[in-house]
1. What is the one condition in (1) away from the ligand (no atom under 15 Å from the Cβ); (2) in contact with a Lys or Arg (Cβ under 6 Å, 6 or more places away or on another chain); (3) of a type in the set (S, T, N, Q) that ASN51 does not satisfy?
2. Return only the number of the condition from (1) out of contact with any helix residue (DSSP H, G or I) (no Cβ under 7 Å at 6 or more places or on another chain); (2) more than 27 Å from PHE25 (Cβ to Cβ); (3) outside any helix (DSSP H, G or I) that TYR222 does not satisfy.
3. Please work out if ALA33 is more than 17 Å from the chain's Cα centre (by Cα), at pLDDT 95 or above, part of a loop (DSSP other than H, G, I, E, B) and exposed (fewer than 15 other Cβ atoms within 10 Å of the Cβ).
4. Select, from THR224, THR176, the only residue that is polar (S, T, N, Q) and touching a Ser or Thr at 6+ places or on another chain (Cβ under 7 Å).
5. Going by the conditions given, is GLY107 surrounded by 24 or more Cβ atoms within 10 Å (Cβ to Cβ) and small (Gly, Ala, Ser)?
6. Quickly run through segment 162-188 and pick out the residues that are of a type in the set (Phe, Trp, Tyr) and not in a strand (DSSP E or B).
7. I'd like to know if segment 198-217 contains one or more residues that are polar (S, T, N, Q), within 16 Å of GLY112 (Cα to Cα) and assigned to a loop (DSSP other than H, G, I, E, B).
8. Which one of these is closer than 16 Å to GLY81 by Cα and either touching a strand residue (DSSP E or B) at 6+ places or on another chain (Cβ under 8 Å) or within 12 Å of the ligand (Cβ to nearest atom) (or both): LEU5, LEU13?
Amino acid sequence: MKRLLVTGASGFLGSRIVEFYKDKFEIFAPTHAELDITDEKDVLAKFEEWNPDYVIHCAAISAVARCEQEPDMSWKINVEGSIHIAKASAKIHAKCIICSSDQIYFGSTENGPHKETECVLPYNVYGREKLKAEEACLAIDADCVLLRLSWMYDRKTLYKQENSNFMRMLLDKMRTEEVLLYPVHDIRGITDVNEVVENLEKMFTVPGGVYNFGSPNKNNTYDTVYEVFSELGLDTQRLQRNEDAFMNNPRDISMCQQKLNACGIYFSTTKDAMLRNIKEGLSSNDE
Ligand SMILES: NC(=O)c1ccc[n+]([C@@H]2O[C@H](COP(=O)([O-])OP(=O)(O)OC[C@H]3O[C@@H](n4cnc5c(N)ncnc54)[C@H](OP(=O)(O)O)[C@@H]3O)[C@@H](O)[C@H]2O)c1
């Protein structure tokens with residue numbers, strides 16, 4: 001059995017990776033307490049001890065607002081921590097997959113869908129950290145794979161304490177009388193995390209580099225949800241346009257899938273995955 005090391009395995013994505021691949025790989029999934037990625041020496045020692053064939057690096061400060069508030073702390077984890085992971089992976093010749101973000105495209109002067117080759121100028125601290133981590137990790141190990149992930153959701157909650165996510169909130173609110181408010185100045189390939197998890201193993205064999213890794217979507221979030229509601233025959237009157245969010249700085253961080261598709265990897269469109277999840281969510285008792 002090949003050995004897979006997952007960092008940040010208690011997080012939203014890492015926990016789902018461990019759950020999905022637990023019978024396919026011998027998994028090492030240290031908690032934050034067991035392996036602090038800011039400790040370079042310990043990272044290398046643990047990598048040498050576990051000797052994984054593949055590494056999926058999910059540990060991060062993933063909350064954009066927290067990075068703005070505590071940039072020194074988040075730099076240590078998102079940039080320096082990722083560098084430690086790339087260095088240790090290179091030392092033991094493990095294929096290293098590092099989670100990056102579509103937020104790198106927020107601030108771009110070009111319209112979406114954005115390509116990996118585009119010149120980018122990230123608007124927020126989190127985006128700048130992710131870009132720096134990408135560049136540094138690739139400089140250390142050209143075989144490193146950097147995945148620009150979009151906002152991910154799951155219809156199901158895996159652990160009781162985990163934060164609610166886009167789809168869970170939508171399904172929960174649909175059971176109430178609340179209005180459903182979605183931004184019109186935000187275009188993003190919101191993605192079903194299960195597609196990310198399933199597609200991840202295909203990245204173990206691709207050449208190193210940066211890859212957009214999420215659903216294609218050309219519409220703003222309000223229009224996407226509106227189309228889904230219309231097709232499912234749901235009450236579109238409940239949907240309200242949020243004109244305030246991103247009003248002063250409209251965001252289009254939709255991603256082009258050409259490079260990924262050339263590797264034989266495909267994601268559903270944001271709309272199709274939403275259609276599927278809402279349909280399944282309404283006909284089940286998931287929480
Ligand atoms: N979720 C999304 O929609 C999304 C979108 C785009 C990109 N991403 C990226 O995808 C990756 C996974 O995201 P996620 O949503 O799963 O994040 P998450 O739920 O916030 O989980 C982050 C994980 O990192 C761990 N961690 C934090 N600092 C650490 C340290 N110094 N050493 C070791 N572990 C540490 C956390 O453990 P503790 O909680 O115990 O500290 C937690 O397990 C991240 O790189 C994120 O930036 C996520």
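1. All conditions pass for ASN51, except number (2).
2. Of the numbered conditions (1) out of contact with any helix residue (DSSP H, G or I) (no Cβ under 7 Å at 6 or more places or on another chain); (2) more than 27 Å from PHE25 (Cβ to Cβ); (3) outside any helix (DSSP H, G or I), the odd one out for TYR222 is (3).
3. Numbers: more than 17 Å from the chain's Cα centre (by Cα): yes; at pLDDT 95 or above: yes; part of a loop (DSSP other than H, G, I, E, B): yes; exposed (fewer than 15 other Cβ atoms within 10 Å of the Cβ): yes.
Criteria met by ALA33.
4. On the way: THR176 fails: touching a Ser or Thr at 6+ places or on another chain (Cβ under 7 Å).
Within the list THR224, THR176, the selection yields THR224.
5. Working: surrounded by 24 or more Cβ atoms within 10 Å (Cβ to Cβ): no; small (Gly, Ala, Ser): yes.
So GLY107 does not fit the description; no.
6. Step one: list which residues in segment 162-188 are of a type in the set (Phe, Trp, Tyr), which gives 166, 182.
PHE166, the sole residue that qualifies.
7. The initial filter retains those residues of segment 198-217 that are polar (S, T, N, Q), namely 199, 205, 212, 215, 217.
Now narrow it down to the ones that are within 16 Å of GLY112 (Cα to Cα): 212, 215, 217.
Checking the rest, the ones that are also assigned to a loop (DSSP other than H, G, I, E, B) come to 215, 217.
Yes, there is a match, as at least one residue in segment 198-217 is polar (S, T, N, Q), within 16 Å of GLY112 (Cα to Cα) and assigned to a loop (DSSP other than H, G, I, E, B).
8. Values: LEU13 fails: closer than 16 Å to GLY81 by Cα.
Answer to the selection: LEU5.
The values are calculated or read from the model by the stated rules, or taken from the named source; none is laboratory data. No experiment lies behind these values; they were computed from the predicted model shown. Note that we place each Cβ from the backbone using ideal geometry, even for glycine, and neighbour counts take in every protein chain shown.
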